[in-house]
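Asks: Following this message is one structure expressed as C-alpha coordinates.
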Amino acid sequence: MQSWPAPDVPRLPGRGQPLRLRDTASSRIRPTEPGPTARMYVCGITPYDATHLGHAATYLAFDLVNRVWRDAGHDVHYVQNVTDIDDPLLERALRDQDDWMVLGMRETALFREDMTALRVLPPRDYIGAVESIPEVVALVEKLLAGDVAYRLDDGSDDIYFDVSTAPRFGSESNLSHEAMLAFFGERGGDPDRAGKRNRLDPHLWRGARPGEPSWESSLGPGRPGWHIECTAIALDRLGMSFDVQGGGSDLTFPHHEMSAVHAESVTGEEPFARHYVHAGMIGLDGSKMSKSRGNLVFVSRLRGDRVDPMAIRTALLSGHYRADRSWTADLLDAAQARLDRWRAAVASPAGPPAEDLLAGVRRLLADDLDTVGALAAVDRWAEDALTLGGDDPAAPPVVQDILDALLGIAV
Ligand code: ZN
(Lines give C-alpha, C1' and ligand atoms only; values in the text may rest on other atoms or scores of the structure.)
Protein backbone atom coordinates (compact mmCIF):
# COMPACT_ATOMS: atom_id res chain seq x y z
CA MET A 1 0.00 0.00 0.00
CA GLN A 2 1.00 3.56 -0.54
CA SER A 3 2.24 5.28 2.64
CA TRP A 4 2.04 9.06 3.13
CA PRO A 5 4.57 11.84 2.41
CA ALA A 6 7.45 12.26 4.86
CA PRO A 7 7.94 15.65 6.47
CA ASP A 8 11.50 17.00 6.54
CA VAL A 9 13.31 16.31 9.82
CA PRO A 10 15.99 18.89 10.63
CA ARG A 11 19.35 17.59 11.87
CA LEU A 12 20.26 18.73 15.35
CA PRO A 13 23.76 19.39 16.66
CA GLY A 14 25.34 16.40 18.48
CA ARG A 15 23.49 13.16 19.05
CA GLY A 16 20.54 12.00 21.18
CA GLN A 17 20.58 9.50 24.00
CA PRO A 18 19.66 5.78 24.04
CA LEU A 19 15.91 5.41 24.42
CA ARG A 20 14.38 3.71 27.45
CA LEU A 21 10.77 2.52 27.19
CA ARG A 22 8.36 0.68 29.42
CA ASP A 23 7.92 -2.89 28.27
CA THR A 24 4.56 -4.47 29.13
CA ALA A 25 5.98 -8.03 29.19
CA SER A 26 8.57 -7.30 31.89
CA SER A 27 6.56 -4.45 33.50
CA ARG A 28 9.78 -2.42 33.56
CA ILE A 29 11.26 0.62 31.89
CA ARG A 30 14.22 -0.86 30.04
CA PRO A 31 16.68 0.48 27.46
CA THR A 32 15.90 -0.27 23.84
CA GLU A 33 19.05 -1.65 22.29
CA PRO A 34 18.59 -1.42 18.54
CA GLY A 35 21.32 -2.13 16.05
CA PRO A 36 22.24 0.39 13.34
CA THR A 37 18.70 -0.11 12.04
CA ALA A 38 16.01 0.04 14.71
CA ARG A 39 12.98 -2.12 13.89
CA MET A 40 9.44 -1.15 14.91
CA TYR A 41 6.01 -2.53 14.13
CA VAL A 42 2.92 -0.56 15.14
CA CYS A 43 -0.53 -2.02 14.58
CA GLY A 44 -2.54 0.05 12.16
CA ILE A 45 -6.19 0.93 11.81
CA THR A 46 -9.17 -1.10 10.72
CA PRO A 47 -10.50 1.47 8.26
CA TYR A 48 -14.23 1.45 8.95
CA ASP A 49 -14.29 4.86 10.61
CA ALA A 50 -12.18 8.03 10.67
CA THR A 51 -9.06 8.52 12.82
CA HIS A 52 -10.13 9.60 16.29
CA LEU A 53 -7.94 11.25 18.90
CA GLY A 54 -7.18 7.92 20.58
CA HIS A 55 -5.64 6.61 17.35
CA ALA A 56 -3.79 9.88 16.86
CA ALA A 57 -2.30 9.77 20.36
CA THR A 58 -1.01 6.23 19.77
CA TYR A 59 0.64 7.03 16.43
CA LEU A 60 2.14 10.21 17.90
CA ALA A 61 3.72 8.22 20.73
CA PHE A 62 5.44 5.85 18.29
CA ASP A 63 6.35 8.78 16.06
CA LEU A 64 8.41 10.05 18.99
CA VAL A 65 10.09 6.64 19.32
CA ASN A 66 11.00 6.94 15.64
CA ARG A 67 12.31 10.50 16.08
CA VAL A 68 14.32 9.76 19.24
CA TRP A 69 15.98 6.75 17.60
CA ARG A 70 16.83 8.77 14.50
CA ASP A 71 18.29 11.54 16.65
CA ALA A 72 20.42 8.89 18.39
CA GLY A 73 21.89 7.94 15.00
CA HIS A 74 19.77 4.92 14.04
CA ASP A 75 18.12 4.21 10.76
CA VAL A 76 14.53 3.18 11.54
CA HIS A 77 12.63 0.44 9.75
CA TYR A 78 9.04 1.17 10.66
CA VAL A 79 6.24 -1.15 9.56
CA GLN A 80 2.52 -0.59 9.96
CA ASN A 81 -0.46 -2.59 8.70
CA VAL A 82 -3.98 -1.70 7.63
CA THR A 83 -6.58 -4.31 8.57
CA ASP A 84 -8.51 -3.76 5.37
CA ILE A 85 -10.58 -6.92 5.78
CA ASP A 86 -12.12 -7.88 9.13
CA ASP A 87 -15.51 -8.16 10.82
CA PRO A 88 -15.85 -4.50 11.93
CA LEU A 89 -15.33 -3.30 8.36
CA LEU A 90 -17.94 -5.72 6.99
CA GLU A 91 -20.41 -4.86 9.76
CA ARG A 92 -20.10 -1.13 9.09
CA ALA A 93 -20.40 -1.60 5.34
CA LEU A 94 -23.55 -3.69 5.84
CA ARG A 95 -25.05 -1.13 8.23
CA ASP A 96 -24.42 1.75 5.83
CA GLN A 97 -25.18 -0.18 2.64
CA ASP A 98 -21.65 0.62 1.56
CA ASP A 99 -19.08 -1.42 -0.37
CA TRP A 100 -16.60 -2.72 2.23
CA MET A 101 -13.66 -2.21 -0.14
CA VAL A 102 -14.57 1.37 -1.02
CA LEU A 103 -15.25 2.14 2.67
CA GLY A 104 -11.80 0.81 3.56
CA MET A 105 -10.10 2.77 0.80
CA ARG A 106 -11.90 5.97 1.76
CA GLU A 107 -11.05 5.75 5.46
CA THR A 108 -7.45 4.73 4.74
CA ALA A 109 -7.09 7.80 2.51
CA LEU A 110 -8.46 9.99 5.30
CA PHE A 111 -6.04 8.39 7.78
CA ARG A 112 -3.10 9.24 5.49
CA GLU A 113 -4.30 12.84 5.32
CA ASP A 114 -4.62 13.01 9.11
CA MET A 115 -1.14 11.54 9.64
CA THR A 116 0.32 13.97 7.09
CA ALA A 117 -1.35 16.94 8.79
CA LEU A 118 -0.05 15.79 12.19
CA ARG A 119 3.48 15.46 10.75
CA VAL A 120 3.78 11.77 11.64
CA LEU A 121 6.77 10.15 9.94
CA PRO A 122 5.40 7.50 7.55
CA PRO A 123 6.18 3.79 7.88
CA ARG A 124 8.67 2.42 5.37
CA ASP A 125 6.30 -0.50 4.76
CA TYR A 126 2.58 0.20 4.90
CA ILE A 127 0.87 -3.13 4.28
CA GLY A 128 -2.78 -4.09 3.88
CA ALA A 129 -4.25 -7.35 5.18
CA VAL A 130 -5.62 -8.20 1.74
CA GLU A 131 -2.25 -7.84 0.05
CA SER A 132 -0.63 -10.00 2.75
CA ILE A 133 -3.01 -12.98 2.32
CA PRO A 134 -0.37 -15.19 0.59
CA GLU A 135 1.99 -14.52 3.53
CA VAL A 136 -0.72 -15.44 6.03
CA VAL A 137 -1.58 -18.64 4.15
CA ALA A 138 2.09 -19.71 4.19
CA LEU A 139 2.29 -19.16 7.97
CA VAL A 140 -0.95 -21.02 8.68
CA GLU A 141 0.28 -23.96 6.59
CA LYS A 142 3.40 -24.12 8.78
CA LEU A 143 1.33 -23.94 11.97
CA LEU A 144 -0.92 -26.76 10.71
CA ALA A 145 2.13 -28.84 9.80
CA GLY A 146 3.47 -28.31 13.32
CA ASP A 147 0.13 -29.45 14.82
CA VAL A 148 -0.27 -26.20 16.74
CA ALA A 149 -3.13 -25.17 14.46
CA TYR A 150 -6.24 -27.24 13.74
CA ARG A 151 -9.43 -27.33 11.75
CA LEU A 152 -12.82 -27.56 13.40
CA ASP A 153 -14.68 -30.79 12.81
CA ASP A 154 -17.83 -29.04 11.54
CA GLY A 155 -17.28 -28.87 7.80
CA SER A 156 -16.17 -25.24 7.86
CA ASP A 157 -12.79 -24.04 6.59
CA ASP A 158 -12.14 -22.31 9.93
CA ILE A 159 -8.66 -22.84 11.36
CA TYR A 160 -7.67 -22.09 14.96
CA PHE A 161 -4.43 -21.81 16.90
CA ASP A 162 -4.05 -24.09 19.94
CA VAL A 163 -2.80 -21.79 22.72
CA SER A 164 -2.07 -24.76 24.99
CA THR A 165 0.85 -25.66 22.71
CA ALA A 166 2.60 -22.32 23.29
CA PRO A 167 4.73 -22.40 26.47
CA ARG A 168 5.12 -18.62 26.48
CA PHE A 169 1.40 -17.91 26.11
CA GLY A 170 0.60 -15.19 28.66
CA SER A 171 4.12 -13.83 28.99
CA GLU A 172 3.38 -10.65 27.05
CA SER A 173 0.24 -9.55 28.92
CA ASN A 174 0.80 -11.32 32.28
CA LEU A 175 -2.96 -11.58 32.78
CA SER A 176 -4.92 -14.15 34.74
CA HIS A 177 -6.93 -16.73 32.81
CA GLU A 178 -10.16 -15.00 33.88
CA ALA A 179 -8.97 -11.59 32.66
CA MET A 180 -7.84 -13.14 29.39
CA LEU A 181 -11.25 -14.73 28.86
CA ALA A 182 -13.02 -11.44 29.52
CA PHE A 183 -10.84 -9.44 27.11
CA PHE A 184 -10.96 -12.21 24.51
CA GLY A 185 -14.74 -12.08 24.47
CA GLU A 186 -14.84 -8.27 24.34
CA ARG A 187 -12.20 -7.87 21.67
CA GLY A 188 -13.20 -10.04 18.74
CA GLY A 189 -12.62 -13.53 20.19
CA ASP A 190 -15.17 -16.37 20.25
CA PRO A 191 -14.67 -18.18 23.59
CA ASP A 192 -17.93 -20.10 23.22
CA ARG A 193 -17.43 -21.48 19.72
CA ALA A 194 -18.16 -25.20 19.82
CA GLY A 195 -15.42 -27.63 18.90
CA LYS A 196 -12.38 -25.56 19.86
CA ARG A 197 -9.62 -27.21 21.88
CA ASN A 198 -9.34 -24.24 24.26
CA ARG A 199 -11.74 -21.35 24.81
CA LEU A 200 -8.94 -18.83 24.21
CA ASP A 201 -7.87 -20.29 20.86
CA PRO A 202 -8.00 -17.48 18.24
CA HIS A 203 -8.91 -18.09 14.64
CA LEU A 204 -6.13 -17.98 12.07
CA TRP A 205 -8.29 -18.41 8.99
CA ARG A 206 -11.99 -17.71 8.73
CA GLY A 207 -13.58 -19.93 6.15
CA ALA A 208 -15.89 -18.37 3.57
CA ARG A 209 -19.42 -17.40 4.66
CA PRO A 210 -22.29 -16.54 2.34
CA GLY A 211 -22.29 -12.81 1.58
CA GLU A 212 -18.74 -12.26 2.87
CA PRO A 213 -15.65 -11.68 0.75
CA SER A 214 -13.24 -14.61 0.66
CA TRP A 215 -10.04 -15.57 -1.10
CA GLU A 216 -9.16 -18.93 -2.63
CA SER A 217 -6.16 -20.56 -1.02
CA SER A 218 -4.59 -23.91 -0.20
CA LEU A 219 -6.37 -23.61 3.17
CA GLY A 220 -9.75 -23.42 1.48
CA PRO A 221 -11.62 -20.21 0.65
CA GLY A 222 -11.63 -17.66 3.45
CA ARG A 223 -9.90 -14.65 4.93
CA PRO A 224 -7.13 -14.07 7.45
CA GLY A 225 -7.47 -13.67 11.20
CA TRP A 226 -6.32 -10.37 12.64
CA HIS A 227 -3.49 -11.59 14.90
CA ILE A 228 -1.84 -13.77 12.25
CA GLU A 229 -2.06 -10.85 9.82
CA CYS A 230 0.28 -8.78 12.00
CA THR A 231 2.54 -11.78 12.64
CA ALA A 232 2.98 -12.36 8.91
CA ILE A 233 3.53 -8.72 8.00
CA ALA A 234 6.04 -8.18 10.83
CA LEU A 235 7.99 -11.42 10.34
CA ASP A 236 8.36 -10.98 6.59
CA ARG A 237 9.73 -7.45 6.90
CA LEU A 238 11.41 -7.21 10.30
CA GLY A 239 12.12 -10.83 11.27
CA MET A 240 12.09 -12.10 14.85
CA SER A 241 13.19 -10.13 17.90
CA PHE A 242 12.55 -6.72 16.44
CA ASP A 243 12.87 -3.80 18.81
CA VAL A 244 9.37 -2.49 19.49
CA GLN A 245 5.88 -3.87 18.97
CA GLY A 246 3.50 -0.98 19.59
CA GLY A 247 -0.15 -0.09 19.83
CA GLY A 248 -2.87 1.15 22.14
CA SER A 249 -3.20 -0.53 25.54
CA ASP A 250 -6.35 -2.31 24.32
CA LEU A 251 -4.10 -4.37 22.02
CA THR A 252 -2.14 -5.87 24.95
CA PHE A 253 -4.51 -8.83 24.98
CA PRO A 254 -5.43 -10.73 22.94
CA HIS A 255 -3.89 -9.09 19.89
CA HIS A 256 -0.22 -8.71 20.83
CA GLU A 257 -0.16 -11.88 22.92
CA MET A 258 -1.55 -13.95 20.03
CA SER A 259 0.67 -12.35 17.38
CA ALA A 260 3.69 -13.13 19.56
CA VAL A 261 2.85 -16.79 20.19
CA HIS A 262 2.01 -17.33 16.50
CA ALA A 263 5.46 -16.03 15.56
CA GLU A 264 7.29 -17.93 18.30
CA SER A 265 5.49 -21.17 17.36
CA VAL A 266 6.24 -20.89 13.68
CA THR A 267 9.93 -19.95 14.06
CA GLY A 268 10.87 -21.80 17.26
CA GLU A 269 12.61 -18.60 18.33
CA GLU A 270 11.84 -15.96 20.96
CA PRO A 271 10.95 -13.25 21.56
CA PHE A 272 8.76 -11.92 18.78
CA ALA A 273 9.50 -8.36 19.95
CA ARG A 274 12.01 -7.18 22.51
CA HIS A 275 9.68 -4.47 23.85
CA TYR A 276 5.88 -4.44 23.88
CA VAL A 277 4.92 -0.80 24.26
CA HIS A 278 1.39 0.42 24.87
CA ALA A 279 -0.16 3.86 24.68
CA GLY A 280 -2.98 4.97 27.00
CA MET A 281 -6.56 5.64 25.96
CA ILE A 282 -8.02 9.09 25.29
CA GLY A 283 -11.40 9.90 26.83
CA LEU A 284 -13.71 12.83 26.20
CA ASP A 285 -14.48 15.19 29.09
CA GLY A 286 -13.79 12.45 31.61
CA SER A 287 -15.57 9.49 30.01
CA LYS A 288 -14.22 6.78 27.75
CA MET A 289 -14.24 7.68 24.06
CA SER A 290 -15.85 4.83 22.18
CA LYS A 291 -17.92 4.21 19.12
CA SER A 292 -20.71 2.70 21.22
CA ARG A 293 -21.04 5.94 23.21
CA GLY A 294 -20.97 7.97 20.00
CA ASN A 295 -18.50 10.45 21.51
CA LEU A 296 -15.51 9.97 19.22
CA VAL A 297 -13.61 13.14 18.32
CA PHE A 298 -12.16 12.80 14.83
CA VAL A 299 -8.93 14.44 13.72
CA SER A 300 -10.46 15.18 10.31
CA ARG A 301 -13.43 16.90 11.94
CA LEU A 302 -11.13 19.15 13.98
CA ARG A 303 -9.14 19.91 10.83
CA GLY A 304 -12.40 20.73 9.07
CA ASP A 305 -13.16 23.16 11.89
CA ARG A 306 -9.85 24.92 11.10
CA VAL A 307 -8.08 23.68 14.23
CA ASP A 308 -4.31 23.89 13.74
CA PRO A 309 -3.02 20.29 13.50
CA MET A 310 0.04 21.39 15.47
CA ALA A 311 -2.30 22.39 18.33
CA ILE A 312 -3.85 18.89 18.22
CA ARG A 313 -0.35 17.39 18.29
CA THR A 314 0.78 19.65 21.15
CA ALA A 315 -2.39 18.94 23.14
CA LEU A 316 -1.96 15.16 22.83
CA LEU A 317 1.73 15.35 23.72
CA SER A 318 0.97 17.48 26.80
CA GLY A 319 0.06 14.25 28.65
CA HIS A 320 2.29 11.20 29.09
CA TYR A 321 1.74 8.61 26.34
CA ARG A 322 1.03 5.78 28.79
CA ALA A 323 -1.55 7.69 30.81
CA ASP A 324 -5.26 7.30 30.11
CA ARG A 325 -6.29 10.92 29.74
CA SER A 326 -9.13 13.12 28.68
CA TRP A 327 -9.62 15.43 25.72
CA THR A 328 -11.32 18.71 26.59
CA ALA A 329 -11.83 22.06 24.89
CA ASP A 330 -9.56 23.61 27.55
CA LEU A 331 -6.75 21.21 26.65
CA LEU A 332 -6.90 22.33 23.03
CA ASP A 333 -7.08 26.04 23.99
CA ALA A 334 -4.06 25.66 26.27
CA ALA A 335 -2.12 23.94 23.49
CA GLN A 336 -2.95 26.72 21.03
CA ALA A 337 -1.85 29.36 23.56
CA ARG A 338 1.37 27.42 24.15
CA LEU A 339 2.07 27.23 20.41
CA ASP A 340 1.43 30.97 20.06
CA ARG A 341 4.00 31.71 22.80
CA TRP A 342 6.54 29.36 21.23
CA ARG A 343 5.99 30.91 17.79
CA ALA A 344 6.50 34.41 19.20
CA ALA A 345 9.66 33.28 21.01
CA VAL A 346 11.28 31.59 18.00
CA ALA A 347 10.45 34.63 15.87
CA SER A 348 12.67 36.76 18.14
CA PRO A 349 15.95 37.94 16.55
CA ALA A 350 17.86 36.43 19.50
CA GLY A 351 17.20 34.44 22.63
CA PRO A 352 18.82 32.61 25.55
CA PRO A 353 21.25 29.87 24.46
CA ALA A 354 19.53 26.66 23.32
CA GLU A 355 22.19 24.09 24.31
CA ASP A 356 20.70 23.29 27.71
CA LEU A 357 17.23 23.01 26.23
CA LEU A 358 18.44 20.57 23.57
CA ALA A 359 20.20 18.41 26.17
CA GLY A 360 17.18 18.57 28.46
CA VAL A 361 14.60 17.63 25.82
CA ARG A 362 16.82 14.76 24.65
CA ARG A 363 17.24 13.47 28.21
CA LEU A 364 13.51 13.71 28.99
CA LEU A 365 12.31 12.03 25.79
CA ALA A 366 14.89 9.24 26.16
CA ASP A 367 13.36 8.52 29.57
CA ASP A 368 10.19 6.72 28.41
CA LEU A 369 9.07 9.69 26.29
CA ASP A 370 8.56 12.28 29.03
CA THR A 371 6.77 14.79 26.82
CA VAL A 372 5.26 16.52 29.85
CA GLY A 373 8.75 17.47 31.01
CA ALA A 374 9.97 18.24 27.50
CA LEU A 375 7.11 20.66 26.76
CA ALA A 376 7.64 22.36 30.13
CA ALA A 377 11.33 22.83 29.29
CA VAL A 378 10.39 24.53 26.00
CA ASP A 379 7.94 26.72 27.95
CA ARG A 380 10.75 27.90 30.24
CA TRP A 381 13.02 28.78 27.32
CA ALA A 382 10.17 30.64 25.57
CA GLU A 383 9.26 32.49 28.75
CA ASP A 384 12.86 33.61 29.20
CA ALA A 385 13.12 34.61 25.53
CA LEU A 386 9.94 36.69 25.72
CA THR A 387 10.52 38.31 29.13
CA LEU A 388 14.27 38.48 29.65
CA GLY A 389 15.37 38.38 26.02
CA GLY A 390 18.77 36.97 25.17
CA ASP A 391 21.74 37.69 22.97
CA ASP A 392 22.18 34.46 21.02
CA PRO A 393 20.86 34.96 17.47
CA ALA A 394 21.44 31.25 16.71
CA ALA A 395 19.15 30.07 19.51
CA PRO A 396 15.64 30.71 18.10
CA PRO A 397 16.19 28.66 14.91
CA VAL A 398 17.77 25.86 16.96
CA VAL A 399 14.72 25.77 19.24
CA GLN A 400 12.52 25.67 16.16
CA ASP A 401 14.53 22.65 14.96
CA ILE A 402 14.32 20.95 18.39
CA LEU A 403 10.54 21.23 18.32
CA ASP A 404 10.37 20.01 14.75
CA ALA A 405 12.91 17.15 14.87
CA LEU A 406 12.20 15.69 18.32
CA LEU A 407 8.56 16.55 18.96
CA GLY A 408 7.32 16.86 15.38
CA ILE A 409 5.84 20.27 16.14
CA ALA A 410 6.36 22.84 13.37
CA VAL A 411 6.27 26.38 14.75
ZN1 ZN B 1 -1.49 -5.81 14.96
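The values are calculated or read from the model by the stated rules, or taken from the named source; none is laboratory data. These numbers come from a predicted model, not from an experiment. Neighbour counts run over all protein chains shown; Cβ positions are idealised from the backbone, glycine included. Note: areas computed on protein heavy atoms with side chains; ligands, DNA, RNA excluded. Shrake-Rupley method; radii C 1.70, N 1.55, O 1.52, S 1.80 Å.
Asks: Kindly provide the set of residues from segment 230-241 that are of a type in the set (A, V, I, L, M, F, W, C) and farther than 20 Å from M1 by Cβ, ordered by number.
Replies: Of all residues in segment 230-241, those of a type in the set (A, V, I, L, M, F, W, C) come to 230, 232-235, 238, 240.
Of everything in segment 230-241, just one residue is of a type in the set (A, V, I, L, M, F, W, C) and farther than 20 Å from M1 by Cβ, namely M240.
Asks: What residue, of R313, R322, R274, R303, is in contact (Cβ under 8 Å) with a residue 12 or more places away in the chain and over 19 Å from the mean Cα position of the chain (by Cα)? Before you say what the answer is, go through the steps one by one.
Replies: On the way: R313 fails: over 19 Å from the mean Cα position of the chain (by Cα); R322 fails: over 19 Å from the mean Cα position of the chain (by Cα); R274 fails: over 19 Å from the mean Cα position of the chain (by Cα).
Answer to the check: R303.
Asks: Just checking, which of E91, E131, E107 is away from the ligand (no atom under 16 Å from the Cβ), out of contact with any Phe, Trp or Tyr (no Cβ under 7 Å at 6 or more places or on another chain) and open to solvent by 10 Å² or more (accessible area, probe 1.4 Å)?
Replies: On the way: E131 fails: away from the ligand (no atom under 16 Å from the Cβ); E107 fails: out of contact with any Phe, Trp or Tyr (no Cβ under 7 Å at 6 or more places or on another chain).
On inspection, the qualifying residue turns out to be E91.
Asks: Given the options V82, V76, name the one that is surrounded by 15 or more Cβ atoms within 10 Å (Cβ to Cβ) and within 15 Å of the ligand (Cβ to nearest atom). Talk me through it step by step, then tell me what you get.
Replies: Numbers: V76 fails: within 15 Å of the ligand (Cβ to nearest atom).
Of the residues listed, the single one that is surrounded by 15 or more Cβ atoms within 10 Å (Cβ to Cβ) and within 15 Å of the ligand (Cβ to nearest atom) is V82.
Asks: Being open to solvent by 30 Å² or more (accessible area, probe 1.4 Å), more than 16 Å from P213 (Cβ to Cβ), among the charged types (D, E, K, R) and more than 16 Å from the ligand (Cβ to nearest atom) is true for just one of D114, D71, D96. Which residue is that?
Replies: Working: D114 fails: open to solvent by 30 Å² or more (accessible area, probe 1.4 Å); D71 fails: open to solvent by 30 Å² or more (accessible area, probe 1.4 Å).
Answer to the selection: D96.
Asks: Of all residues being within 18 Å of the chain's Cα centre (by Cα) and open to solvent by less than 20 Å² (accessible area, probe 1.4 Å) in segment 3-24, which is nearest to V398 (Cα to Cα)? Just the residue, please.
Replies: Selected residue: L19.
Asks: With segment 180-276 as the region, which strands (runs of 3 or more DSSP E) entirely inside it contain at least 1 residues that are open to solvent by 20 Å² or more (accessible area, probe 1.4 Å) and either at pLDDT 95 or above or more than 16 Å from the ligand (Cβ to nearest atom) (or both)? Spell out how you get there, then give the answer.
Replies: Working: elements: 203-207, 222-224, 242-248.
The qualifying strands (runs of 3 or more DSSP E) are 203-207.
Asks: Only one of these is in contact with a Leu (Cβ under 9 Å, 6 or more places away or on another chain), of a type outside the set (G, A, S) and in contact (Cβ under 8 Å) with a residue 40 or more places away in the chain: D368, D308, D391. Name it.
Replies: Working: D308 fails: in contact (Cβ under 8 Å) with a residue 40 or more places away in the chain; D391 fails: in contact with a Leu (Cβ under 9 Å, 6 or more places away or on another chain).
Matching residue, one of D368, D308, D391: D368.
Asks: Taking R39 as the residue in question, decide whether it is at pLDDT 95 or above, within 16 Å of the ligand (Cβ to nearest atom) and open to solvent by 50 Å² or more (accessible area, probe 1.4 Å). Talk me through it step by step, then tell me what you get.
Replies: Values: at pLDDT 95 or above: yes; within 16 Å of the ligand (Cβ to nearest atom): yes; open to solvent by 50 Å² or more (accessible area, probe 1.4 Å): yes.
Yes: the conditions hold for R39.
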